[in-house]
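Worksheet: one structure, shown below.
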Amino acid sequence: MRRAEQRPKQADHLAGAATDPSGLMDLLGVAAVLLEADGRIDMWSPQAEELFGYTRAEAVGQYAALLLLHPEHQDAAITLFAEVMETGRSWAGAFPVRHKDGSTRMVEFRNMRLTDHLGDHYALGLATDRNTLRHMERKLALSNRLVAQAPIGLAVLDTELRYLAINPALAAMHGVSEADHVGRGFRDILPGAAFEGAETVIRQALASGVPVVERQVVGRTAADPDNDHAWALSAYRLEDHHGNVLGIATVVVDVTDRYRAAKEADQAQQRLRLMANGSARIGTTLEVERTARELADVLVPGLADMVAVDLLDSVLQTGRTDLDEGPALFRALAVKTAYPSDAAAAMVPPGRLTTYHADHPASHCIRTLRPQLITHLERGELAKVAADAEAADLLARAGVHTDMAVPLIARGQVIGVMGLARARNPLPFDEDDLTLACELASSAALSIDNAVLHQHIRDAAETLQRSLLPQLPPRRPGLEVAARYRPAQVFHEVGGDWYDVIPLSGDRTALVVGDVMGSGIPAATTMGRLRTATSTLADLDLGPARILTHLDKITNDLDPYIATCVYAVYDPHRAQLHVASAGHLPPVLLRDGQRPRLLDLPTGTPLGVGGPFETTTLDLVPGDRLVLYTDGLVETRHDPIDERLDDLLTLLAPPDRTAEETCDRLLRQLRHPAGHDDVALLVVRARTLTTEPVGVPAEGRPAVPDAPSP
């Protein structure tokens with residue numbers, strides 16, 4: 001009873017120690033037959049039934065040679081059997097066997113003698129279908145050849161991703177011998193971070209049974225630790241015919257050439273995009289600093305992690321390169337980094353003046369007019385590209401490892417330098433990068449030079465324009481006066497707008513606002529001539545229409561220029577305004593308790609067209625305000641002029657304490673920051689006259705009204 005209880009426990013122990021069977025024996029269908037010494041069948045396995053067709057009952061007790069072999073082969077088989085039984089030597093070979101269904105099959109045999117504990121001999125025969133065996137042999141031979149000679153990497157790993165076998169090609173890719181692979185884990189052989197993703201997809205294939213096909217992996221192995229290589233990884237789960245998971249097979253194809261070609265093509269496309277982007281974005285204005293910023297914006301982060309653009313200060317000041325006296329003096333125009341970095345503090349901030357030491361790349365570019373490429377920068381070499389020792393430390397902390405300096409050359413002369421560096425981007429600058437930087441620098445240099453030239457011309461025109469405008473007293477008899485002139489913004493030329501306040505006899509004051517069509521120095525010069533003529537004509541004490549008639553003749557001689565103008569005379573003793581217009585926008589009258597309104601004047605034709613002109617007389621009593629302006633205040637490229645004039649009237653509705661406040665508010669709210677036209681603005685407020693004019697009767701000298709001019 002006790003022994004019976006122990007048997008199940010022993011059986012359980014043996015079952016736990018046993019491993020899952022291999023399916024290879026089942027695939028081969030190996031049959032076992034036990035023969036007695038006289039050649040009769042004593043035992044007959046189920047596989048024998050399947051292989052030969054006879055059931056156990058039909059086979060046991062029969063002579064094997066007579067049952068299974070054709071008559072012509074029986075004698076030879078009996079002789080071989082007798083030899084095995086007599087000598088104990090095993091025999092292997094193939095015989096054509098007669099199947100129960102009458103067909104003949106070639107069967108592979110393995111015969112051996114067995115001896116029991118009594119000394120009696122038996123013969124054990126193992127047999128399998130020869131075609132099946134040959135098929136398995138061919139598949140195995142093919143697999144062995146493929147694995148050993150294939151140029152692609154092949155490996156078998158167990159369920160813990162330990163290498164069981166690899167071929168020479170994969171060993172060469174990894175830089176680790178075949179023997180050193182066996183038993184080691186996947187990540188032991190490929191420890192780099194780049195292979196974490198590969199391990200993940202292999203485990204997914206192992207768990208799901210879904211193959212992974214040609215997943216690209218880029219990294220470095222012991223075979224070439226200094227360069228990236230690319231592989232196409234495929235993984236397939238291995239199972240036996242029972243469905244038991246054996247491990248995973250990996251197929252690795254080196255696609256480095258394809259990867260590098262694709263990378264080069266992508267880089268070429270990126271360079272083309274940068275060039276196209278640079279063509280579209282650099283030089284959109286005639287502003288020096290903005291053009292430099294546009295260049296930096298194009299280069300970061302597409303080409304560099306950080307960029308600095310410096311211009312020779314002599315170019316900014318005089319338009320010429322002046323390198324005769326001492327080291328070159330640079331003015332920083334733009335600095336840009338792709339991300340917050342210590343390197344930003346190492347670069348000269350925009351607007352600051354600086355000089356560089358003789359070995360600095362900027363100095364090299366200025367001397368030679370050639371770019372400088374430093375592919376690899378060691379920590380000790382950073383002093384070469386830094387402004388000083390502190391800047392070198394900052395560049396080191398930022399991880400700067402490669403540098404380029406490119407001269408900005410326009411019309412044959414160097415005007416500045418562009419510096420580029422990389423830190424977070426691990427790739428060093430190469431010759432292709434330098435070529436691209438030079439192309440962009442060449443285009444930007446021409447735009448910057450044009451902007452510098454335009455700025456000098458514009459400054460000269462603006463200086464001329466302002467010199468031709470009067471210095472106004474804040475008060476005239478019976479008037480509070482305020483005026484403003486605003487040139488067109490930086491990327492536009494100044495125009496010919498002007499204003500004037502001219503003292504006349506009898507406490508009267510002439511008020512003038514005009515606009516010469518055109519821009520630049522010629523327009524400013526024409527404006528100066530017209531203003532001088534207006535002042536001269538005003539001394540003749542002519543009425544507004546007569547003044548405009550004479551100005552029209554003068555303007556006609558200044559072909560091809562034409563101009564618009566409003567000329568008004570205010571008499572504080574009579575509280576009257578006499579005004580005439582030559583194609584100009586109407587002044588605005590503001591009276592307490594009433595809505596601001598545009599004066600209803602005969603518009604007249606512009607000066608230089610031929611008139612006629614007509615004077616209008618209206619009251620202008622103390623407290624009234626008059627606003628005269630040029631079209632740059634109200635005209636835009638997108639809004640109808642009627643809407644803009646309504647905006648002007650709306651803005652003027654709230655009263656201001658002074659004429660100065662009115663000027664400032666109008667310019668602030670109507671003037672666009674990028675206004676393309678200049679503005680002349682004249683605001684006067686009628687005040688109570690407190691003094692009598694010298695040499696004029698108390699009732700004042702009456703103004704002589706104009707008849708319409710011919």
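The values are calculated or read from the model by the stated rules, or taken from the named source; none is laboratory data. Values in this document were obtained by computation on a predicted structure and should not be read as measured data. Heads up, the Cβs are rebuilt from the backbone with ideal geometry, glycines too, and the neighbour counts pull from every protein chain shown. Side chains included, ligands, DNA and RNA excluded: accessible areas come from the protein's heavy atoms. Shrake-Rupley method; radii C 1.70, N 1.55, O 1.52, S 1.80 Å.
Of all residues in the range 596-649, those being over 30 Å from residue 574 (Cα atoms) and of a type outside the set (A, V, I, L, M, F, W, C) number 15. Entry remark, the range 58-111: residues being buried (at least 16 other Cβ atoms within 10 Å of the Cβ), within 16 Å of residue 36 (Cβ to Cβ) and among the β-branched types (Val, Ile, Thr) number 2 in total. None of 150, 48 is under 30 Å from residue 173 (Cβ atoms) and open to solvent by less than 50 Å² (accessible area, probe 1.4 Å) except 150. Of the residues making up the range 412-453, those that are assigned to a loop (DSSP other than H, G, I, E, B) and either open to solvent by less than 10 Å² (accessible area, probe 1.4 Å) or more than 19 Å from residue 271 (Cβ to Cβ) (or both) are 412, 423, 424, 429.
If I ask for residues that are closer than 22 Å to residue 329 by Cβ and among the charged types (D, E, K, R), which ones from the range 404-430 would you list? If the condition is that a residue be closer than 22 Å to residue 329 by Cβ and among the charged types (D, E, K, R), then 411 is the only one that fits.
Go through the range 486-501 and report how many residues are hydrophobic (A, V, I, L, M, F, W, C), open to solvent by 10 Å² or more (accessible area, probe 1.4 Å) and modelled with pLDDT of 75 or more.
Taking the range 486-501 first, the residues hydrophobic (A, V, I, L, M, F, W, C) are 488, 490-491, 494, 498, 501.
So of that shortlist, the ones also open to solvent by 10 Å² or more (accessible area, probe 1.4 Å) come out as 490-491, 501.
Filter once more, keeping what is modelled with pLDDT of 75 or more: 501.
The number of residues fulfilling the criteria is 1.
The condition (being assigned to a helix (DSSP H, G or I), hydrophobic (A, V, I, L, M, F, W, C) and open to solvent by 10 Å² or more (accessible area, probe 1.4 Å)) is satisfied by just one residue among 667, 648: 667. If you check 349, 361, 327 for being out of contact with any helix residue (DSSP H, G or I) (no Cβ under 8 Å at 6 or more places or on another chain) and of a type outside the set (Ser, Thr, Tyr), only one passes: 349.
Taking each residue of the range 352-363 that is crowded, with 19+ Cβ neighbours inside 10 Å and looking for partners that are of a type in the set (Asp, Glu) with beta-carbon atoms closer than 7 Å, six or more apart or interchain, yields 361/403; 362/310. Of the strands (runs of 3 or more DSSP E) lying entirely inside the range 547-644, those containing at least 3 residues that are in contact with a Lys or Arg (Cβ under 8 Å, 6 or more places away or on another chain) are 563-571, 588-590.
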